[in-house]
Amino acid sequence: MDVNTMKLSDIPEIKELLKVLEENGLLKEQNDVKTLVSYIEDMETKLFDMSTELKEMHGEVGKIRDSTLRARCTQLITAASEKIQQASQMVVSCKNNLIKSAKDALRAFKEKGKDALVTAVNAMKIPSALDMLKNGFHRAAESLGKSVSNLETVRNELHDVGTHLKNAGRALIGKPIKENEELKADKGILAKLQIFLQKTAEKFTGMEHSAEEKSKSLRDSYEERKSVKSDLKRLKAESKAKDAPKITEQAR
């Protein structure tokens with residue numbers, strides 16, 4: 001079974017863990033696991049789409065006629081490829097860790113029962129896993145943002161090339177400057193590359209914000225549950241104190 005080609009929700013251990021949690025009334029823990037499972041699946045889809053778009057863009061960059069310009073753009077597309085690969089590896093690592101944790105949680109449940117299951121799910125530290133993904137996506141977005149700025153510089157330089165001195169005579173007599181057809185084609189590819197890099201950076205930013213929101217929601221829920229448990233514990237203690245037999249002077 002190649003888990004890397006399977007949806008996380010179809011992995012037997014994940015399906016069994018979610019079922020066991022529900023059967024034992026551990027809906028909060030079940031929701032925590034479901035949240036991470038759903039997020040990882042969503043990120044796998046987005047990263048796959050990014051990789052497909054990257055391959056198409058790589059082909060476009062290969063069509064650039066000017067060798068120096070093609071080399072500079074290849075560097076940018078390579079940098080983008082590295083960030084997408086790093087993000088994909090990060091998601092795969094998180095996926096594999098969750099599968100292993102699910103196996104451990106099921107083993108703990110079979111050996112020691114419900115309390116051990118709760119402890120095992122809490123040990124997954126799902127909000128922290130989401131924070132790790134968030135930070136990775138943030139770094140990728142930042143890097144791609146810099147690539148967009150670098151490409152803007154290249155486009156400005158190319159514009160200057162388009163107004164080369166060989167056209168100076170036409171400009172002096174008021175005739176429109178003729179742009180080399182190859183240069184025009186290269187400019188079109190640069191525009192496509194800039195749009196690709198910008199959209200990819202925006203996607204990573206969206207993935208970052210999504211992880212942050214989910215992590216915060218789970219933490220808020222945990223604090224709320226912790227507060228409720230504390231209140232119930234306090235009320236139980238007060239009830240015991242109230243029902244306890246009072247020591248009278250006569251009893252003394």
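The values are calculated or read from the model by the stated rules, or taken from the named source; none is laboratory data. Since the model is a prediction, treat every value here as computed from it, not as a measurement. Backbone-built Cβ (ideal geometry, glycine too); neighbour counts: all protein chains shown. Areas reflect the complete protein model, heavy atoms only, side chains present, ligands, DNA and RNA absent. Shrake-Rupley method; radii C 1.70, N 1.55, O 1.52, S 1.80 Å.
Could you tell me whether LEU47 is in contact (Cβ under 8 Å) with a residue 40 or more places away in the chain, touching an Asp or Glu at 6+ places or on another chain (Cβ under 7 Å) and either more than 25 Å from ASP131 (Cβ to Cβ) or buried (at least 18 other Cβ atoms within 10 Å of the Cβ) (or both)? Full working, then the answer.
On the way: in contact (Cβ under 8 Å) with a residue 40 or more places away in the chain: yes; touching an Asp or Glu at 6+ places or on another chain (Cβ under 7 Å): no; either more than 25 Å from ASP131 (Cβ to Cβ) or buried (at least 18 other Cβ atoms within 10 Å of the Cβ) (or both): yes.
It is false that LEU47 is in contact (Cβ under 8 Å) with a residue 40 or more places away in the chain, touching an Asp or Glu at 6+ places or on another chain (Cβ under 7 Å) and either more than 25 Å from ASP131 (Cβ to Cβ) or buried (at least 18 other Cβ atoms within 10 Å of the Cβ) (or both).
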field: Odd one out for GLY162, checked against (1) at pLDDT 95 or above; (2) out of contact with any Ser or Thr (no Cβ under 8 Å at 6 or more places or on another chain)
entry: (1)
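Considering only residues that are more than 25 Å from GLN89 (Cβ to Cβ) and open to solvent by 90 Å² or more (accessible area, probe 1.4 Å), which ones fall in the range 51-67?
Quick first cut of the range 51-67, residues more than 25 Å from GLN89 (Cβ to Cβ) only: 60, 62-67.
Selection gives LYS63, ARG65.
Quick grid of which residues meet (1) closer than 25 Å to ASP32 by Cα; (2) of a type in the set (S, T, N, Q); (3) open to solvent by 70 Å² or more (accessible area, probe 1.4 Å):
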| residue | (1), (2), (3) |
| --- | --- |
| VAL121 | yes, no, no |
| LYS125 | yes, no, yes |
| SER128 | yes, yes, no |
| MET132 | yes, no, yes |
| ASN135 | yes, yes, yes |
| ARG139 | no, no, yes |
| LEU144 | no, no, no |
| ARG155 | no, no, yes |
